[in-house]
Amino acid sequence: MADSVTVEDQKFCLKEVLNTFKLCLSENKEVYLEHYVAGWRGLIKFLNCLGSVFGFISKDAVNKIQILVNHMNDENGSQYITVQSMVKYELENELVDLTKRGSHPESGCRTLLRLHRALRWLELFLERLRTSNEDSKTSVMCAEAYNESLSQHHPWVVRKAAGMAFCMLPGRLSFFEVMNVGQPEQVVAMLGEALPLISEVYQITEDLYAQHNMLDLP
């Protein structure tokens, strides 16, 4: 187990992530960026608790979160309250590189898309953990989730490194312990409550990006 587990601020708690994603959606199903970022901070703690295996994803996620926070805190921060308002603002003001890399490599839309893709991988992996049994191999579950999501956006070298990293994953019970919920059946129950919330946030974002043809931003 990584040293970060012993640091209070770095401890992961599945319930905190659950509560954060509960706050993510407004009454009319807009995604609040502040809570989306907070939810990701919790998920990064989860990745970091498992040591360096997920470092290549968690480090990138930290960088992406900081970019979004910078947008939220700058002079146009009022345009970054929700994902929907951010998309509207950046498209209307031509702040997104739609077809090739240009002068907006840190646009909110491009940055969030990278987190969005990684969220899908985590959602698929955690769902496999939820429905797994004692004999299930976390390396296989994680690789399957990765191949269904993030891998298509990564070059061969990264895919190869990811595959090797997944082979080093701890067992199913170690994952459950990291979640700081209790017995395995309690973890499974809370995952059953959290994953539909994460899935809904993901799908709303996916539909919004598809509507504006932004699922393949360079």
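For the stretch 72-161, taking Cα atoms only, Rg and Dmax work out to 17.3, 53 Å respectively.
Relative to the Cα centre, the charge distribution of the stretch 35-159, modelled as +1 at Lys and Arg Cβ and -1 at Asp and Glu Cβ, gives a dipole magnitude of about 280 debye.
In this label model, Ser103 and Arg159 are separated by 3.6 nm, measuring between points 7 Å along each Cα→Cβ vector. When the alpha carbon gyration tensor of the chain is reduced to an equivalent ellipsoid, the three semi-axes, largest first, read 29, 19, 16 Å. Each of Tyr89, Gly108, Asn76 was placed along the dipole of the stretch 1-120 (beta-carbon charges, centred on the mean Cα), and the one lying farthest toward the positive end is Gly108. Solvent-accessible area per residue in the stretch 56-194 equals 52 Å², computed with a 1.4 angstrom probe and all protein chains kept. Take the solvent-accessible surface of the protein heavy atoms, probe 1.4 Å, and return the percent of it on the chain that carbon and sulfur atoms account for. Ligands and nucleic acids excluded, carbon and sulfur reach 49 percent.
Taking amide H atoms as placed 1.01 Å from N in the peptide plane, the amide H of Thr82 lies under 5 Å from those of Leu33, each 5 or more residues away in sequence or on another chain. Size descriptors for the stretch 128-192 (Cα atoms only): Rg and Dmax, in that order, 13.2, 39 Å. Taking Cα centroids, how far is the stretch 124-145 from the stretch 9-72 in Å? The two parts, judged by their Cα centres, are 21 Å apart.
Note on the stretch 11-92: with charges restricted to the Cβ of Lys and Arg (+1) and Asp and Glu (-1), its dipole about the Cα centre is near 540 debye.
Using the charge dipole of the chain (Lys, Arg: +1 at Cβ; Asp, Glu: -1 at Cβ; taken about the Cα centre), state which of Ser58, Val201, Ala189 has its Cα farthest towards the positive end. So the residue furthest toward the plus end is Ser58. In a simple Cβ point-charge model (Lys, Arg +1; Asp, Glu -1; nothing else charged), the chain has a dipole of about 600 debye relative to its Cα centre.
The values are calculated or read from the model by the stated rules, or taken from the named source; none is laboratory data. None of these values were measured; they are calculated from a predicted model. Methodologically, a virtual Cβ is constructed for each residue, glycine included, from the backbone with ideal geometry; neighbour enumeration extends over all protein chains shown. These accessible areas exclude ligands, DNA and RNA; they are computed on the full protein's heavy atoms, side chains included. Shrake-Rupley method; radii C 1.70, N 1.55, O 1.52, S 1.80 Å.
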